[in-house]
Amino acid sequence: METETSGGEISLSVMTDVTALKQAEGRNHAQAITDHLTGLVNRQGFENALDEAILSADQCGMQLACLFIDLDRFKWINDNFGHAAGDAVLRQTVERIQAALRPEDVIARLGGDEFAILIAATDVSALASDIGECICAALHEPMPIAGNELFVSASVGVSVYPTHASGASDLLLKADMAMYARKRDGKNGLRVFDASMLDAARERHEIEQCIEAGLKEDWFEAWLQPIVSLVDGRIVGFEALVRLNHPEKGLMPPGKIIGISEETGTIGRIGDRVLEKAIRHLAAISELDGTRSTYLAVNFSPLQFELTLPHKLAALLLKHHISPQRIVVEITEAVLMLDNPEVHAVLKQLNEFGCRIALDDFGTGYSSLSYLNRFPVDIVKVDQSFMRSLSSGAADVRRKSRMLIKGIRTISHQMGCTVVAEGIETKEQWQLLRKLGLDYGQGYLFSRPMPIDGMLAMLENESEAKASAPA
Ligand code: C2E
Ligand code: CA
Ligand code: CA
């Protein structure tokens, strides 16, 4: 620093060596765009690289492909093997991805278990698919981590510039959409973006909004479908089935809602509403003659098995004067396959409390009979698909379906379980199932699911008809 005096004025000139400052700035910038676990560029760095690549691609007539990679079971690995194992999986993932790339390709970690790749070529589509397939295959090989062989796989989405997008963030978004479509198609593989995914994303967004609004405005309803004794058609219980009753769009079936709400985490709140309303409905039904011993079956998603569930249920039952013996908790094998100690504990508590557990959709999926042994299952619900193949199709298929149903019935009964047939639509199916020795049934033949008012009216009519029938 120097000071000078000239003509009575003091001027100050400062000279500093800026090299160190520049270097520090460079370091800060590098740090800001680097992922510290893997040493790759992060999302910010990737978007910068995409911007630059788009500029130069325009100048030299090249195409770009963006690959969006998301591991399929990463959360499960983190939860079950710990974060150190999770970090090791991420590092190995990077190594395997890098082995599939050319030196000039850019790879980034966007966050969590998400990676992105940027490829430039004159005809990029085929190359991107080849590289993507190669990465999927490499990641599908078992990973030796801390003495275990872990099985990882990845879902990959591909988008191409300029075909699918005109800017960096849009290109990345479309690769993300394609990856997401692959997840929905069964994971472990590659999908290239196409315009139909925009419609799907829009519809999904709309449904998410309907769910949020439905929770706020109380549009969720618990409809009921009777479950009858196959011997005489007498109603033994009711299954609660969720409906979102939108004031303008009308009814939305669970098929549209459940999957999305499981992904976004709203299923817990929806489940609470349905449970509360369904129990209230059972209390209303119980006011009618001859309905005191009917039961209520409620569907539960894997995510609903929180430790608080038994208490929540107990409080509701107390409030509505319903005994726990009248409640059936319907779960699918997906719940049992989680093999999660929390789920075990909750099922055990529910069972000790007096509730029964039904295994839903039996005969689809793995249908491992060992579940009947390992979990407190009281009821087996034979999937609708069996009813269909029981009465339609080739004689051979019909015969095999009969044998399968008989087998399920025999083992279930030996394990002390009641067997319920789902989706009975014809008298012929009813007769056949009765002959096969199934206990209960449910289906359009007896009644479609309906709102509580309709159900109460139907039950009242029935009991009046019975009362006025000649003895
Ligand atoms: P699910 O538990 O297997 O329920 C039976 C489904 O079969 C219901 O469809 C019912 O309306 C339909 N159904 C009943 N009888 C017949 C018949 O004779 N023929 C045919 N073709 N279908 C019949 P819905 O109401 O659309 O529910 C679909 C699925 O959504 C349910 O399958 C269940 O897995 C799930 N779900 C429904 N409500 C809830 C809920 O409150 N919570 C959860 N987590 N899942 C629910
Ligand atoms: Ca069910
Ligand atoms: Ca079912």
* Asked: Could you list, in sequence order, the residues of the range 309-325 that are touching a residue at least 40 places away in the same chain (Cβ under 8 Å) and part of a loop (DSSP other than H, G, I, E, B)?
  -> H320, I322
* Asked: Which residues, counting only those in the range 108-137, are touching a strand residue (DSSP E or B) at 6+ places or on another chain (Cβ under 9 Å), under 30 Å from A32 (Cα atoms) and among the small types (G, A, S)?
  -> A108, G112, A116, A120, A121, A128, G132
* Asked: On the given criteria, is V328 outside any strand (DSSP E or B) and either touching a Gly at 6+ places or on another chain (Cβ under 9 Å) or at pLDDT below 95 (or both)?
  -> no
* So which residues in the range 200-250 are modelled with pLDDT of 95 or more, surrounded by fewer than 21 Cβ atoms within 10 Å (Cβ to Cβ) and hydrophobic (A, V, I, L, M, F, W, C)? -> I207, C210, A213, L215, W219, V231, I235, V236, L241
* To do: Report whether or not V335 is among the β-branched types (V, I, T), outside any strand (DSSP E or B), in contact with a helix residue (DSSP H, G or I) (Cβ under 6 Å, 6 or more places away or on another chain) and away from ligand 3 (no atom under 16 Å from the Cβ).
  => no
* Asked: Under the condition of being more than 15 Å from ligand 3 (Cβ to nearest atom) and among the charged types (D, E, K, R), which residue from the range 375-413 is nearest to I227 (Cα to Cα)?
  -> D378
* Asked: Among the residues of the range 357-370, which ones are more than 15 Å from ligand 3 (Cβ to nearest atom) and aromatic (F, W, Y)?
  -> Y366
* Out of the range 142-168, which residues are open to solvent by 40 Å² or more (accessible area, probe 1.4 Å) and among the small types (G, A, S)? -> A146, G147, S166
* Do we have M179 as open to solvent by less than 30 Å² (accessible area, probe 1.4 Å) and without any contact (Cβ under 8 Å) to a residue 24 or more places away in the chain here? -> no
* **Whichever residue in the range 301-341 is surrounded by 15 or more Cβ atoms within 10 Å (Cβ to Cβ), β-branched (V, I, T) and closer than 16 Å to G271 by Cβ and, among such residues, is farthest from ligand 1 (Cβ to nearest atom)** => I327
* Pair list, Cβ under 7 Å, 6 or more apart: the range 365-391 residue at pLDDT 90 or above and among the acidic types (D, E), other residue away from ligand 1 (no atom under 12 Å from the Cβ) and open to solvent by 20 Å² or more (accessible area, probe 1.4 Å) -> D378/R356; D378/T418
* Looking at (1) touching a residue at least 60 places away in the same chain (Cβ under 8 Å); (2) among the basic types (K, R); (3) in contact with a strand residue (DSSP E or B) (Cβ under 6 Å, 6 or more places away or on another chain), can you tell me which one R434 breaks? -> (3)
* **Condition met for P341 (in the same structural domain as M415 (by TED's automatic domain parsing) and free of Cβ contacts under 8 Å to residues at least 12 places away in the same chain)** => yes
* Residue that is open to solvent by less than 50 Å² (accessible area, probe 1.4 Å), within 17 Å of I97 (Cβ to Cβ) and assigned by TED's automatic domain parsing to the domain that holds G82, where the choices are L171, L139 -> L139
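Does E306 meet the test of being in a loop (DSSP other than H, G, I, E, B), out of contact with any Ser or Thr (no Cβ under 8 Å at 6 or more places or on another chain), farther than 30 Å from K466 by Cα and not aliphatic (A, V, I, L, M)? Break it down into steps so the answer makes sense when it comes.
Numbers: in a loop (DSSP other than H, G, I, E, B): yes; out of contact with any Ser or Thr (no Cβ under 8 Å at 6 or more places or on another chain): yes; farther than 30 Å from K466 by Cα: yes; not aliphatic (A, V, I, L, M): yes.
Yes.
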* What number of residues in the range 291-308 are in contact with a strand residue (DSSP E or B) (Cβ under 9 Å, 6 or more places away or on another chain) and either more than 16 Å from ligand 2 (Cβ to nearest atom) or not assigned by TED's automatic domain parsing to the domain that holds L456 (or both)? -> 3
* Among what's in the range 46-76 and is in contact with a helix residue (DSSP H, G or I) (Cβ under 8 Å, 6 or more places away or on another chain) and of a type outside the set (A, V, I, L, M, F, W, C), pick the residue that is farthest from S166 (Cα to Cα). => D72
* Asked: Are any of the residues in the range 262-281 surrounded by fewer than 21 Cβ atoms within 10 Å (Cβ to Cβ) and under 30 Å from A467 (Cβ atoms)?
  -> yes
* Any hit, the range 368-388, residues being among the acidic types (D, E), within 16 Å of ligand 2 (Cβ to nearest atom) and within 16 Å of L438 (Cβ to Cβ) -> yes
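The values are calculated or read from the model by the stated rules, or taken from the named source; none is laboratory data. What you are looking at is a predicted structure, and each value in this text was computed from that prediction instead of being measured. No Cβ is skipped: glycine too gets one built from the backbone with ideal geometry, and neighbour counts run over all protein chains shown. For accessibility, only protein heavy atoms count, side chains too; no ligands or nucleic acids. Shrake-Rupley method; radii C 1.70, N 1.55, O 1.52, S 1.80 Å.
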